[in-house]
Every structure is written in structure tokens, then in C-alpha cells.
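Asker: Structure in C-alpha cells, see below.
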Amino acid sequence: MKNTEQNLYHVLTTQRASLLSEWQRRVRHTSVLQLREDFDGHAPDDVLEEFFDLIVTQITTKQEYHLLRQRIFSGEINAFSPDAACRLLIALKKTVLKRLKNFTHNAEAIFDEILLRISAYYHEMRYRNLAQSQSQNLRQRNIEIARLLAVEKQRAAHLTTNNRIAQMALSTLDPDEIFRRIVHEVQQSFNYQHVSLYFVETHSNQMIMKARAGVYEKHFPEGYRQNVGEGIVGHVVASGNPIMANDVGNDPRRIIAFPQEKNTRAELCVPIKTADRVLGALDVLSRKKNGFNWTDVQSLTVLTDQLAWVIHNAHLFQETRELQDELVQSERLSVIGEMSARIAHEIRNPLATIGGFARSLQRAPTPDRIDTAARIISCEVTRLEELLTDILNYTRPRELELEPVNLPDLITDVYHQVGEGLEDRGIAYRQNAPSDLPETPVDPAQFKQVLINIFKNAFQAMPNGGKLHVHIRKKENQPHIEIEIRDTGPGIPAEIQDEIFKPYFTTKTTGTGLGLVISKQIVERHEGTLSFASHSDSGASIFIHLPDLSSRRPL
Amino acid sequence: MKNILIADDDQNLALLYEQELTDEGYRVDVVHDAQTAIERVKENPPDLLILDIRMPGMDGIEALNHILGINNQLPVILNTAYSNHKDNYLTWSANAYVVKSSDLSKLKTAINDVLTGEEV
Ligand SMILES: Nc1ncnc2c1ncn2[C@@H]1O[C@H](COP(=O)(O)OP(=O)(O)O)[C@@H](O)[C@H]1O
Ligand SMILES: [Mg+2]
């Protein structure tokens, strides 16, 4: 092999690892083998074949292609005759273009998949949020009920049982569970032989037993039914008045459902009713003849009044649940709609551009076109990569890895990183920090992401230059550090101030609308806050408040 | 030579269309927002307008209605990244609806059909 070829070989092999991983990162799912195959078919002659093998695995970006092209033209690699060099270039270009086309094709499929997953994930999150806010509404209603119950409670202040029941009604939302616990509580507290709770089922004119406790638990399973108007309970429900049958063995209204019931000598049944309707009844039994007196009637009446509220609440609960389902369903649809429109736009535009230019080059590869196309293609690929990073950051937040850092240095670094290549933009940068600023524990990688997003927005807000000032403040006696990033762009118009922290909200053609959302998430995971101010005359300020964790949390 | 006006906020994509359609033998003019497109149609009506839907500020659907108000003879092709806008009846007044793709042949066919009077 000739010297220069060896040089090239050397360059390519030493870069092999990094290029390869870069390529794999880019097209994880496009197989490199596939590309190699594509290329082999075009290998023009033996001299170049050896290189092609290498090149196929290694030239993966337009930049690399350009680099090699430059080398060949500048004579750095002069082992080739002009003819061979041209053929090499043509072959290279074809590979790159083929790859781009493959890439576009694969990327379209991959992005479709991603789109699906994201919308599934996203509406799941929305569903959770919604469910949460709905249960907050329920809680609100329960507070209302609690207030009403408290009134009842006062009336029944002498009965501790009632207080406990009122507590129960508040502490759980599932009505069946409340009923079970109430019945148990009553049976235990008063040592009744048996207690059961019946509800009226209007359409069948029957009563259904919802809960029971005591000696007959086995004989009366939940769901036991009886007609309205029959038996003691049936009479109570029909009339809406309590019945105290202190010698129930001789009461003609009694129905005996099974022989052991003979052990019961007295029965007291109190209706559960609202102003206009009987909802059910609470029935208690005693072994003793004359086992009940008017105190029992009174306390049970207070109790059933409360129960009426619980039942009312249960209806609300049911209704709310149904309403919630409907809401979630429609929310879901609109979220998916919005998501797909947004993502379709963000992905299809760059893909159409990349693929379109690749095709056009294949048809007519004139030198001026190659340059424009290369520039645009790499710019669009960057756009896709940024979109992907944003989406992944947004949908899969990482754990924090805290580490004390010098904030001013970190911020300066990020500023230079973001501002690279924008020196001619005419941005005047200034940064102030108190000299005694302690090192602050943050997750450096994630915190950088926050700053990158904010700096980028600031740069984008000042396309014709301006001032960018970062103030780091730490006030005496205040446990947090404030970072203000202030630009002199147009500011944030009042109409969109409520929107800018919403995912996918953007006013930019190629924006993802995720920068601020992600930044806020990250700062909040640092137990800090992210806020903004818009100065009508002089741009926008973004504020990051970080708790001074150093004093609290040893690292 | 037929004049085509393209309204698309995506500058790179618009450049691609410009290049490709110029190759096809059209005279191409590009604007990047709906408002400018409307002004251009008023001043100097093209033979055909290709309109993107999702643009910052006024969107393509709203622009379409304005433009048809000014000149209801102007052929318009809606060219967008998102196929579901098709469900929006406001888009039905366009002569064609093409979903953006790296393969421009659908767009070219639509242009040809619209210009030669064969509705698609
Ligand atoms: N420094 C700023 N000045 C003016 N507007 C801003 C600034 N930062 C953010 N915005 C507004 O907030 C929107 C959302 O920002 P962001 O979440 O970073 O998404 P993107 O930058 O992709 O649009 C921007 O589109 C812009 O309208
Ligand atoms: Mg941003």
C-alpha cells in the first residue's frame, strides 16, 4: 500500500470507533450491514475496494464526506489518479445519498412508532393528571359533606359512635366500604345482636341488604332482597316511620326467613330518608324482649340522617365517576389529535426536506447543489436530533445525580457552548455573582440542559443582537440562590404568558415547545422554581430559584 | 411559463420546492407566511398557489379563505405535514390536498393536474 493510502487508512482506523458509535447512535435501527451491501454493488474497481469497505462503515455524515472530498482534492491523498479520485467521489456520494434515503425511509417508520408511543404515554399522563384533579373535586365535595356532617355531629354530640362514623364517612370514598364500617361500628358500640342496612331499589320496589354485622352474618348475605311493604323493614320503608317492636315474636308484621331468627326477641328499624324520599332503613335486633328504648330510636335516627348524606355522596361519587370517564375519553382524543399534528409537523417537514434534497442530488448532482443540499441536510438532521432529545427528556425524566458545582463557571461554559458560532450576532454578555457564593449541589448534566434551553430562547429572541445578562444572587438570611437570565429581545407577550410552560407550545417555525417545560421539570426536581418576567420595553427575564441545599443536605 | 407561488414557513423545505419546481419549468416565487401570501396574490396573482397549513400567525386554512375571497378562480393546493386536516371541511375548497413527503411526485402530479384543468 502506498504511503498516503496508509495515512488515510490510519486516519480512518483511528476514528473508526468514534465514527462507528456516532453512526450507530444516529441510525440505531438501520443496519450498517444493509448499508455495506448497498454499497458493495457499486464498487467500481479493485483498487478502491479495500477502501470502500472501510469507508462504508466509517463515512457516516456529510461532514465526513466533505472532509474526505477536501483531502482528495487538496492532494493530501494523491495516490489516486484524477480519474480514480473522481470515481471514488462519485461512489462515495452515492453511498452517502443512498444512506440518506435509507435513513429517511427508516426514520419515517421509527418516528411513526415513536409518535405512537409518545401519544400513548402522554395520554396516560393526562389521564392520571385528570383523575387526580377529579378526585380533588371529589375531596372538595366531601369537605362540603363534612361541613354538613359537622352540623349533624353537633346534634349528636353525646354519641361518640356518631363522631366516629362521621370520621369514617370522610376518610374513605368508597360508599360500600363506608356502609360496612358503619354497620360494624354500630353493632360493636351498642352490642346489638345483629345490625343490617337496606337500600331501596326503586324500579323493582325491593330492598337490598348492603351491609350487616352480628350473629346472622352467615344467614343474610349481602345482596339479600325483600319486598317493600313486607316484614318490619318493609313496613318502615313503606311508611317512612320507625318501628320499635319490643316483642317481635308476637308481631304480625314479622317474617321469619330461617329458624334461628327465633332467637331474636326485639327489633328496631329506622328509615334512612331525605326530605322527600325514603332511601332505605337501618335494622337492629336484640335477644331480649323489650331490648330497645327511645334513646336507641333517637341515636339511630341521628345516625340514619347522616347515612342519608353518605348515600347522597355515593350518588355524587358514581355520577362524577361517569362524568370523569366521559371527560377522559374526550380529553384523550383531543390530546392525541394535538400531539399527532404537532409531531407530524415537526418530523415530516425535516424528513421531506432531507429526502427531497437527497433525491434531487441523485438526479442532478451539480456542485452548487451538493453544497446547499449538504448544508440543509445536516441542519435538518440536527433539528430532528434536537426534537428527539427534547421529547425523550420530556417523557423520560432521569434521576438526579447531585454534585456540588460552581454555578458561575457552569453558566459561563454553557453560554459559550450555546453561543458558539454566534459571535457575529452582536450579543453583549455579562455575568455577575457574589464573591462568596457557595458551591451549589445540582445535577450538572441536567442543569446544563436547563441553561441551554434558556440561553437558546434568549438568542432566538435577539436575532439582531442585544444584551444578555446573568445575575446570580444570594440574599442574606434567604435559603435560596436566584439566577436571573435577562435578554433584550421583544419580551413575552401577555397573551401567551399562560401558554409558554405548556408542552408543545411554540411560536417558532422549528421550535419544539418543550424547552421551557423540560427546564421547569428539572428545576422543580431540584426543589427549585422557574419563573419569568417580561419587561415591556426591554425583553424577558427567566428566574431560577434553587434552594441552598448545601446547608441542609450533606453530600 | 406558469407562475407558482409557494407559502411555507419552513425555509429549507420551501427552497427544495423552489429548486424542484424550477427544474420542472415553472417560475417559482416563495413567501414564508400567510399574510405575505395574501398580499402577493392581491398584487400579482400567480397561476397556482401552494399553501402550507401550519404556519405561525395566520394558518393556511384561514389564509385560504381570505385568498378565495379575493380571487375565487385561483387554483390552490394545500400541502401539509398532517393528513387529518383533510377532515376539516374548510380545506375542501382547495383544488388538491397533498401530504408532505420527500417524494415530490405526488405534488408535481397535482400541480400538473390543477394547471391543466384536471381536478384531482
Ligand atoms: N427569552 C424569551 N423571549 C421571548 N419569548 C420567549 C423567550 N423564551 C421563551 N419564549 C416564548 O416561549 C415559547 C416556548 O419556549 P420553549 O418552551 O423553549 O419552546 P421553543 O423554544 O421550542 O418554542 C417560545 O416559542 C417563545 O414564544
Ligand atoms: Mg426553546
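The values are calculated or read from the model by the stated rules, or taken from the named source; none is laboratory data. This structure is a prediction, so every number in the text was calculated from the model and none was measured. A quick note on method: Cβ atoms are made from the backbone with ideal geometry, for glycine too, and the neighbour counts reach across all protein chains shown.
Asker: Show the residue pairs meeting these rules: Cβ distance below 6 Å; 6+ apart or different chains; first residue within segment A:506-527 and free of Cβ contacts under 8 Å to residues at least 40 places away in the same chain; second residue part of a loop (DSSP other than H, G, I, E, B) and near ligand 1 (Cβ under 8 Å from one of its atoms).
Answerer: Qualifying pairs under 6 Å: A:Thr506/A:Gly513; A:Lys520/A:Phe501.
Asker: Another one. Here are some residues: B:Pro45, B:Pro56. Which one is within 13 Å of chain A (Cβ to nearest Cβ) and not in a helix (DSSP H, G or I)?
Answerer: B:Pro56
Asker: Further, regarding this structure: Specify the residue that is farthest from the other protein chains (Cβ to nearest Cβ); the eligible residues are those in segment A:379-389 that are within 14 Å of B:Leu13 (Cβ to Cβ) and at pLDDT below 85.
Answerer: Among residues in segment A:379-389 that are within 14 Å of B:Leu13 (Cβ to Cβ) and at pLDDT below 85, the one farthest from the other protein chains (Cβ to nearest Cβ) is A:Leu384.
Asker: Oh, and also: Pull up segment A:355-378, narrow it to residues that are of a type outside the set (Phe, Trp, Tyr) and facing another protein chain (nearest Cβ under 7 Å), then point me to the one that is farthest from B:Ser105 (Cα to Cα).
Answerer: Looking only at segment A:355-378, we keep the residues that are of a type outside the set (Phe, Trp, Tyr), and these are A:355-356, A:358-378.
So of that shortlist, the ones also facing another protein chain (nearest Cβ under 7 Å) come out as A:355-356, A:359-360, A:376.
Details: A:Gly355: 13, A:Gly356: 10, A:Arg359: 11, A:Ser360: 12, A:Ile376: 21 Å.
Ranking the candidates gives A:Ile376 first.
Asker: Can you name every residue in segment A:279-300 that is outside any strand (DSSP E or B) and closer than 16 Å to A:Val183 by Cβ?
Answerer: Within segment A:279-300, A:Asp296, A:Ser299, A:Leu300 qualify.
Asker: On to the next question. Condition (residue is at pLDDT below 90 and under 30 Å from B:Leu51 (Cα atoms)) applied to segment A:390-408: is it met by at least one residue?
Answerer: Yes, segment A:390-408 has at least one match.
Asker: Can you name every residue in segment A:500-519 that is among the charged types (D, E, K, R) and more than 12 Å from ligand 2 (Cβ to nearest atom)?
Answerer: Correct list: A:Lys502 only.
Asker: Let me ask something else. In this structure, does A:Thr440 turn out to be more than 23 Å from A:Glu524 (Cα to Cα), in contact with a strand residue (DSSP E or B) (Cβ under 7 Å, 6 or more places away or on another chain) and of a type in the set (S, T, N, Q)? Outline the logic, then answer.
Answerer: Working: more than 23 Å from A:Glu524 (Cα to Cα): no; in contact with a strand residue (DSSP E or B) (Cβ under 7 Å, 6 or more places away or on another chain): yes; of a type in the set (S, T, N, Q): yes.
Here the answer is no, as A:Thr440 does not meet what is asked.
Asker: Could you give every pair whose Cβ atoms fall below 6 Å, whose first residue belongs to segment B:10-30 and is in contact (Cβ under 8 Å) with a residue 12 or more places away in the chain, and whose second residue is surrounded by 19 or more Cβ atoms within 10 Å (Cβ to Cβ) and of a type in the set (Asp, Glu), counting only separations of at least 6 or pairs across chains?
Answerer: B:Ala14/B:Asp8
Asker: Just a yes or no: is a residue in segment A:467-479 within 14 Å of another protein chain (Cβ to nearest Cβ) and either within 14 Å of ligand 2 (Cβ to nearest atom) or surrounded by 18 or more Cβ atoms within 10 Å (Cβ to Cβ) (or both)?
Answerer: Scanning segment A:467-479 turns up no residue that is within 14 Å of another protein chain (Cβ to nearest Cβ) and either within 14 Å of ligand 2 (Cβ to nearest atom) or surrounded by 18 or more Cβ atoms within 10 Å (Cβ to Cβ) (or both).
Asker: Still on this structure: Just checking, how many residues over segment A:503-555 are within 9 Å of ligand 1 (Cβ to nearest atom), small (Gly, Ala, Ser) and at pLDDT 90 or above?
Answerer: Final tally of qualifying residues: 5.
Results for (1) modelled with pLDDT under 90; (2) surrounded by fewer than 19 Cβ atoms within 10 Å (Cβ to Cβ); (3) in a helix (DSSP H, G or I), shown as yes or no for each residue.
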residue	(1), (2), (3)
B:Ile50	no, no, no
B:Gly69	yes, yes, yes
B:Gln73	yes, yes, no
B:Ile77	no, no, no
B:Asn84	yes, yes, yes
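To keep it simple, each residue is scored yes or no on (1) of a type outside the set (Asp, Glu); (2) touching a Phe, Trp or Tyr at 6+ places or on another chain (Cβ under 8 Å); (3) modelled with pLDDT of 85 or more.
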residue: A:Phe220; (1), (2), (3): yes, no, no
residue: A:Glu230; (1), (2), (3): no, no, yes
residue: A:Gly234; (1), (2), (3): yes, no, yes
residue: A:Asn241; (1), (2), (3): yes, no, yes
residue: A:Leu279; (1), (2), (3): yes, yes, yes
residue: A:Lys288; (1), (2), (3): yes, no, yes
residue: A:Gln298; (1), (2), (3): yes, no, no
residue: A:Thr301; (1), (2), (3): yes, no, no
residue: A:Asp305; (1), (2), (3): no, no, no
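Asker: Then there is this: Looking at segment A:505-531 only, could you name the residues that are within 14 Å of chain B (Cβ to nearest Cβ) and surrounded by fewer than 21 Cβ atoms within 10 Å (Cβ to Cβ)?
Answerer: Selection gives A:Phe505, A:Thr506, A:Thr507, A:Lys508, A:Thr509, A:Thr510, A:Gly511, A:Gly513.
Asker: Can you find, within segment A:414-466, the residue that is farthest from ligand 2 (Cβ to nearest atom) among those that are exposed (fewer than 12 other Cβ atoms within 10 Å of the Cβ) and among the charged types (D, E, K, R)?
Answerer: A:Asp436
Asker: In addition: Just name the residue that is modelled with the lowest pLDDT out of those in segment B:1-39 that are in contact with a Phe, Trp or Tyr (Cβ under 9 Å, 6 or more places away or on another chain) and away from every other protein chain (no Cβ under 11 Å).
Answerer: Filtering segment B:1-39 for residues that are in contact with a Phe, Trp or Tyr (Cβ under 9 Å, 6 or more places away or on another chain) and away from every other protein chain (no Cβ under 11 Å), the one modelled with the lowest pLDDT comes out as B:Met1.
Asker: Then there's this: Residues of segment B:94-118 being among the hydroxyl-bearing types (Ser, Thr, Tyr), assigned to a helix (DSSP H, G or I) and more than 14 Å from every other protein chain (Cβ to nearest Cβ), which ones?
Answerer: B:Thr109
Asker: Check whether at least one residue in segment A:483-494 is among the acidic types (Asp, Glu) and within 16 Å of ligand 2 (Cβ to nearest atom), and report yes or no.
Answerer: For segment A:483-494, residues among the acidic types (Asp, Glu) and within 16 Å of ligand 2 (Cβ to nearest atom): present.
Asker: Additional query: Can you tell me which of A:Glu230, A:Glu267, A:Glu261 is of a type outside the set (S, T, N, Q) and touching a Lys or Arg at 6+ places or on another chain (Cβ under 8 Å)?
Answerer: A:Glu267
Asker: Among (1) surrounded by fewer than 17 Cβ atoms within 10 Å (Cβ to Cβ); (2) away from chain B (no Cβ under 14 Å); (3) within 16 Å of ligand 2 (Cβ to nearest atom), where does A:Glu399 come up short?
Answerer: It fails just one condition, (3).
Asker: What are the residue pairs meeting all of these: first residue in segment A:470-492, first residue closer than 13 Å to A:Ser534 by Cβ and among the small types (Gly, Ala, Ser), second residue more than 13 Å from ligand 1 (Cβ to nearest atom) and assigned to a loop (DSSP other than H, G, I, E, B), Cβ atoms under 9 Å, and 6 or more apart or on different chains?
Answerer: Hits for this filter: A:Gly491/A:Asp537.
Asker: It is to be established whether one or more residues within segment A:387-394 are acidic (Asp, Glu), away from ligand 2 (no atom under 16 Å from the Cβ) and either at positive phi or not assigned by TED's automatic domain parsing to the domain that holds A:Asp443 (or both).
Answerer: Taking every residue of segment A:387-394 in turn, none turns out to be acidic (Asp, Glu), away from ligand 2 (no atom under 16 Å from the Cβ) and either at positive phi or not assigned by TED's automatic domain parsing to the domain that holds A:Asp443 (or both).
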